[in-house]
Amino acid sequence: MGENSNAFAAVPQARHAMLVEPDRDELARQDFVRSFKAYIQSGIVPGVHATYHGEVKPAFARREGREPRDRHEIRQLMTPHPVFRTYASMQRVSQELLWDVVLDSVERELPALVEKARAAAAGRGGRPLGSLTLDPALPLPNYVTGVDIHCMPGGYCGERGADDVGVGALYDRGVYIYALGMMGPYNDDIGGSAAKFVRDHYPQFRPRRILDMGCTVGHSTLPFVDAFPDAEVHAIDVGAPLLRYAHARAESLGRKVHFAQQDATRTNFPDGHFDLVCSSILFHETSGKALPAIVRECHRLLAPGGLAVHGDLPPFWAMDEFNQFMLDCETWYNNEPYWGAMREVDQVEVAVAAGFRREDVEFMMAPSAYRSAAGHERSFEAGEFAPGNAWQVLVTRK
Amino acid sequence: MNDTIPDAGAPGVKRTIKGRRPQFFQDPAIDQLHGMVMAMATEMAVLYERVDTMERIAADKGVMLREELARYRPGAEAQAEREAWRQRFLARLFYLYREDLDDRLGQENEAQYQGFLKDIS
């Protein structure tokens, strides 16, 4: 391992006014679940790899005279195997435990968090920097309401009480544990890496208005505020509780963002309104219809010379069939219905069909801003969420 | 999962997950056992941390609890109490085994129970 160690670097999550503060026992549970997830990666996943490469694949090759064709065939071979079943079952259990142990903290703090978000929205304690615009009449897309994505109870839109922020609080703390802290103390490495990528590749680019699509709690939005301090930054999502939380979170961190409840496939902003449109791990949580519609909406929203940058985990063609199979487990076992299908979509073709010139569309790797700053090298291994040294970005220029 | 069975917590948060849960083992009880074992392991981690915290706080106050614990040898009375506790604990852990044994030895079976149901109705 040595320099390229994938071991968890225990950087604590950065505090802000909206982040739940686990009590002693809650923190012990949350630390344990994070350790459990890290152990699955270091202690159980290697056994699944060894089982496939040392047992299942050779047996198949002896029987059939060829290697398994694709991830689907590997899946058929692996799902009955006891080693795989234990891995998949434990992965699922760790995910269920993750949300449940964070919910203890959320449940205890919820009334106070709702009050804090109300105060931020009303500008109590000073004029708010940004703004919050909700649209209770907005139709919620089926890919958001059909299942609770990544098994997070309530999904992105679940509301139980007035001015609820529960799922926002759950997401903010839960994602930190889910990503094993690999997205940095503010969970912002995807946004941070994309913003750094834009600055490094387009040093003369000075966006006046920026839109972050599918912003959830705004963790990936804030790096764009920092990277382009003169820009007016907007962020949209379909989930009202997320946006209330996101607004209060941004205010508490002293960042000015205008949050609005809107659907990225059809926003109400005028044509050519933005110089930079971005999204972070949005694509894989949409659908086969919504993804092209979002890219078309980006084309409509961009001013001439404008840029769109969409960050996600690597597509299937960037890894071998076995890692494809392992990554695709999210589709089957973690309520990520579009996870696998999205990784087969040719995003360059989608962008061209949306109106971007082919020469203005690129699929690139944006080096991880957090890990390059921390000097922490790691390789991408399917089976966990945390990425390697870089995020995949689709870059389109109008 | 659905909301038919109330969540363990207060009404403020939802604990159940919308979407069919995959089954990994032939016998769904094994899936449930995986969940239970890891939930209990989580609570063991909580207890471990509590003890560890106690030892560290005591050490900060000059009481070397960890060292004293290592040196401690229970007397006869303490040993007997501990042994009794362990036996009760083991008996509880193996309650289904004992239950099963009771049924076998007492010839209690499904047909007998059906007969009993008939008798009392």
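The values are calculated or read from the model by the stated rules, or taken from the named source; none is laboratory data. Everything numeric in this text was worked out from a predicted model, so none of it was measured. Note: ideal-geometry Cβ built from the backbone for every residue, glycine included; neighbour counts use all protein chains shown.
Restricting segment A:286-333 to residues that are of a type in the set (D, E, K, R) and modelled with pLDDT under 95 leaves a set whose member that is farthest from A:I74 (Cα to Cα) is A:D312. Kindly evaluate A:R62 against the criterion of being within 14 Å of chain B (Cβ to nearest Cβ) and among the charged types (D, E, K, R). No; evaluated as a whole, the condition is false for this residue. Exactly one residue out of A:V114, A:V83, A:V102 is of a type outside the set (D, E, K, R), under 22 Å from A:T331 (Cα atoms) and part of a helix (DSSP H, G or I), and it is A:V83. Residues being of a type outside the set (A, V, I, L, M), over 30 Å from A:Q91 (Cα atoms), modelled with pLDDT of 90 or more and assigned to a helix (DSSP H, G or I) are represented in segment B:44-59 by at least one member.
To keep it simple, each residue is scored yes or no on (1) out of contact with any Pro (no Cβ under 8 Å at 6 or more places or on another chain); (2) assigned to a loop (DSSP other than H, G, I, E, B); (3) modelled with pLDDT of 95 or more.
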site	(1), (2), (3)
B:T16	no, yes, no
B:G19	yes, yes, no
B:Q26	yes, yes, no
B:Q32	yes, no, no
B:G35	yes, no, no
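Of the residues making up segment A:293-350, those that are hydrophobic (A, V, I, L, M, F, W, C), over 25 Å from A:Y52 (Cβ atoms) and in contact with a strand residue (DSSP E or B) (Cβ under 9 Å, 6 or more places away or on another chain) are A:I294, A:V295, A:C298, A:L301, A:L302, A:A303, A:L307, A:A308, A:V309, A:V348, A:V350. In summary, no strands (runs of 3 or more DSSP E) completely within segment A:232-293 bear 3 or more residues that are more than 18 Å from the chain's Cα centre (by Cα), free of Cβ contacts under 8 Å to residues at least 12 places away in the same chain and surrounded by fewer than 24 Cβ atoms within 10 Å (Cβ to Cβ).
Out of the residues in segment A:157-172 that are more than 8 Å from chain B (Cβ to nearest Cβ) and surrounded by fewer than 24 Cβ atoms within 10 Å (Cβ to Cβ), state the one that is farthest from A:S220 (Cα to Cα). It comes out as A:A162. Screening A:Y143, A:Y186, A:Y171, A:Y176 for residues that are within 14 Å of the chain's Cα centre (by Cα), within 23 Å of A:S287 (Cα to Cα) and not charged (D, E, K, R) leaves exactly one candidate, A:Y171. Among the criteria (1) within 9 Å of another protein chain (Cβ to nearest Cβ); (2) surrounded by 15 or more Cβ atoms within 10 Å (Cβ to Cβ); (3) modelled with pLDDT of 95 or more, the one A:P111 does not fulfil is (2).
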